[in-house]
Each structure stands twice: as C-alpha cells, then as structure tokens.
1. So what's the net charge close to Lys147: Lys and Arg +1, Asp and Glu -1, counting the other residues with Cβ under 11 Å from its Cβ?
2. Let me cross-check Tyr113: its accessible surface, 1.4 Å probe, with only protein heavy atoms counted, in Å² to the nearest 10?
3. For Leu75, what accessible area in Å² do you get when you roll a 1.4 Å probe over the heavy atoms of the protein chains, rounding to the nearest 10?
4. In nm, to one decimal, how far is the Glu111 label point from the Lys131 one, both placed 7 Å along Cα→Cβ?
5. So for the pair Asn122, Val138, with labels modelled 7 Å out along Cα→Cβ, what separation do we get in nm?
6. Measure off, as a whole percent, the carbon and sulfur share of the 1.4 Å-probe accessible area of region 73-149, all protein chains present.
7. At 1.4 Å probe size, with no ligands or nucleic acids counted, give the accessible surface of Ile66 in Å², nearest ten.
8. Applying 1/(1 + (r/R0)^6) with R0 = 22 Å to the Cβ-Cβ distance of Val166 and Thr98, what FRET efficiency is obtained, to the nearest 0.05?
Amino acid sequence: MKKLLSVFLILSFCFAFSQVNPNDTIRLENHPKDSIPAAKPFSESQILGGIDQKNAPAKITKLSPIKAGLYSAVLPGLGQYYNKKYWKIPLVWGAVGTGVGIALWNQNQYERYRNAFVAELNGLPHEFSDKPYVTKTVLGNAQDRFKRQRDYAIGIAALIYILNIVDAVVDAHLYEGRHDPDFAITPTIINDQLGTSIPKTGLSLSFKF
C-alpha cells in the first residue's frame, strides 16, 4: 500500500509540472535582434568600378604661369602666394624693400650734397658752410658718389623685381611635375661602386612611363 501511494505521489508531481500555462509561452519577438545586417554581395559593376577608382591616376593641380607672372608683376610675392610657396614671400619683400630703401636713402643724401654744391658755386650759405674743410670739390665728389650708389640700388631692386617674376613663372611651370607621381626628384644617397670614397648626398630623378 505504501509503495502504491509513493508511486501515485511521484506521478502526480510529474504531471503537475508537465502542464504548460498558455500565458507562459515564449515570445520570440521580444528577444533582441541582431543589430548588424547581413552583408549584401557586391554586383559585378560595383566591383569593376572600385577597381577602376583604385587604379585611376591621381589628380594633379595645374597652375597658370601667365597668372603667376602677372601677379608677381603687380605685387612682388603675390605670384609666390599663388604657387603656394609661402616661405618665399618674406624673402621677396625683404630683398625688394631693402633695395628700395637703400635707393631712397642715397637719393636723400644726393639731394643734400647737390644743394650744398650748387650753393657753394654761387657763393651762398649752406648746411656745410661752417666746416672749413668742405669745398666745392668735396661736395661735388660726395654728390657723385651718392648718385652712383642710388643708381646701383635701383638697378639691384629692379633685378630682384624681375627675378621675382621669373621665379613665379618657373615655379608655376614646375608645379605639375613636382606633384606628378610618375615624375619625382627626391634626395638620395650616392654610393661609390668601387668603394674608394664615402657615400655622398645628392638628388634622384625618377620617371615612370
């Protein structure tokens, strides 16, 4: 009797836990979904387009030498700005400004000694009249010296101005070559093939075609 009762209780216990409550059904829609979508295969046209894009030649910016020359003619250094050679601008301004400044200073000195020389010839007082060693010969030589130095300074400033234009034009011509991946000039080490001298630094010219 006890055995039958034990078997009955065990079966009842198993039967009770085997019952499924309809309200306890698992809702799959509540489970978090994968946030990363499956990768879509690329089409043949997309693959070929990507290959063409990778193999396409790099875009090269072209500069106009005419514009660069005109800009430098209007304002020294403006052509270098157009060519993106910004470090050259203060050099151009400094060189041209120094030449112009020296020319103006010598012009002022020339005018001083010129006026004194004319006054000395006419027997009139001038700013050097109180100096006994200053004669018309000294004044004439001084005015000639300052005039010559003024002319030299004007010539040097004009030469720098012209070189500024030439530099801008040449830089604009070479800009495309410097940024062409098939044409490059780079620093390199030159080794002596015979081994009789130490390696030297130099430039390497590479051209692909």
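The values are calculated or read from the model by the stated rules, or taken from the named source; none is laboratory data. For clarity, every value in this text was computed on a predicted model and none was experimentally measured. When we count neighbours, we look across all protein chains shown, and the Cβ atoms used for this are built from the backbone with ideal geometry, even at glycine. We work out accessible area using only protein heavy atoms, side chains counted, and drop any ligands, DNA or RNA first. Shrake-Rupley method; radii C 1.70, N 1.55, O 1.52, S 1.80 Å.
1. Local net charge: +1.
2. Only protein atoms counted, so the area is about 50 Å².
3. Roughly 80 Å² of Leu75 is accessible to a 1.4 Å probe.
4. 1.9 nm
5. That separation, rounded to one decimal, is 2.2 nm.
6. C and S fraction of accessible area: 62 percent.
7. 130 Å²
8. 0.70
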